[in-house]
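A.B. asks: Here you go, one structure.
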Amino acid sequence: MYAEWKCCRPGLDYHVELRDHYYSVPHNLAKQELMARITASTIEIFHVGQRVASHVRSSGNHRHTTVAEHMPSSHRRYAEWTPERLKRTAEQVGPNTAILVEVVMRNRPHPEQGFRTCVGILLLGKAYEDGRLEAACERALAIGTYTYASVASILKNGLDRHKPQAVAASAVTQHDNIRSPGYYRH
């Protein structure tokens, strides 16, 4: 059977890119030099002559194939989460929480990269009641900040209890240092 060998190095996410697809290796091998054996149906990864991973070959769809045992324990707890489950859980808190979770996942190249942020935001519901979390998510959306740290800060500082104040457009345009559109006409 024909096989191609290729030198590869997994990134910090412990995946190697082969033929436009990402395959996991044990997380402790991140950044190590590895060898991949590529056949028509299989991807095998070797470290110092020992096979450390084997995957069914997938099409070049820029997706990830991940074996749970390859993940560090801190990542495994997110493995059972799916975008749909995160959205359903967020909808139970309220519409703004659902929108924030959707925005976090949409703003990442892969929705899975936003899971940690989304799970963290949803877990804030354990320390704060759902009404406060919903208000904090509303404020985060209003001010354009979509991180766990921002939502946690809003809650910690009680900013969820106050509506964000909009800056009046007339107040900005009447400032002495702001030029009107007529200034630029010749």
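A.B. asks: Does Ser54 satisfy being surrounded by fewer than 19 Cβ atoms within 10 Å (Cβ to Cβ), under 15 Å from Thr65 (Cα atoms), within 27 Å of the chain's Cα centre (by Cα) and without any contact (Cβ under 8 Å) to a residue 24 or more places away in the chain?
C.D. replies: So Ser54 passes the test.
A.B. asks: Return the pairs, sorted by first residue and then second, in which the second residue is open to solvent by 10 Å² or more (accessible area, probe 1.4 Å) and of a type in the set (D, E, K, R), the first residue lies in segment 92-121 and is within 23 Å of Tyr22 (Cα to Cα), the beta carbons are less than 7 Å apart, and the residues are 6+ apart or on different chains.
C.D. replies: Gly114/Arg108
A.B. asks: Quick one: how many residues across segment 19-36 are open to solvent by less than 90 Å² (accessible area, probe 1.4 Å) and either without any contact (Cβ under 8 Å) to a residue 24 or more places away in the chain or under 15 Å from Arg51 (Cβ atoms) (or both)?
C.D. replies: Here the count works out to 10.
A.B. asks: Follow-up question, since we're still on this one. Keeping to segment 60-74, report how many residues are assigned to a loop (DSSP other than H, G, I, E, B) and surrounded by fewer than 13 Cβ atoms within 10 Å (Cβ to Cβ).
C.D. replies: Final tally of qualifying residues: 4.
A.B. asks: Return the residues of segment 1-18 that are loosely packed, with under 12 Cβ neighbours inside 10 Å and either among the aliphatic types (A, V, I, L, M) or under 19 Å from the mean Cα position of the chain (by Cα) (or both); say none if nothing qualifies.
C.D. replies: Matches in segment 1-18: Met1, Ala3, Gly11, Leu12.
A.B. asks: Quick check on my filter: what residues within segment 1-18 are farther than 13 Å from Val52 by Cβ, of a type outside the set (Phe, Trp, Tyr) and assigned to a loop (DSSP other than H, G, I, E, B)?
C.D. replies: Met1, Ala3, Arg9, Gly11, Leu12, Asp13
A.B. asks: Out of (1) free of Cβ contacts under 8 Å to residues at least 40 places away in the same chain; (2) acidic (Asp, Glu); (3) open to solvent by 30 Å² or more (accessible area, probe 1.4 Å), what's the single condition that is false for Asp160?
C.D. replies: Single failed check for Asp160: (3).
The values are calculated or read from the model by the stated rules, or taken from the named source; none is laboratory data. Since the model is a prediction, treat every value here as computed from it, not as a measurement. Every residue, glycine as well, gets a Cβ built from its backbone with ideal geometry; the counts of neighbours run over all protein chains shown. The protein model used for the area step is the full one, side chains on, heavy atoms only, and it has no ligands, DNA or RNA in it. Shrake-Rupley method; radii C 1.70, N 1.55, O 1.52, S 1.80 Å.
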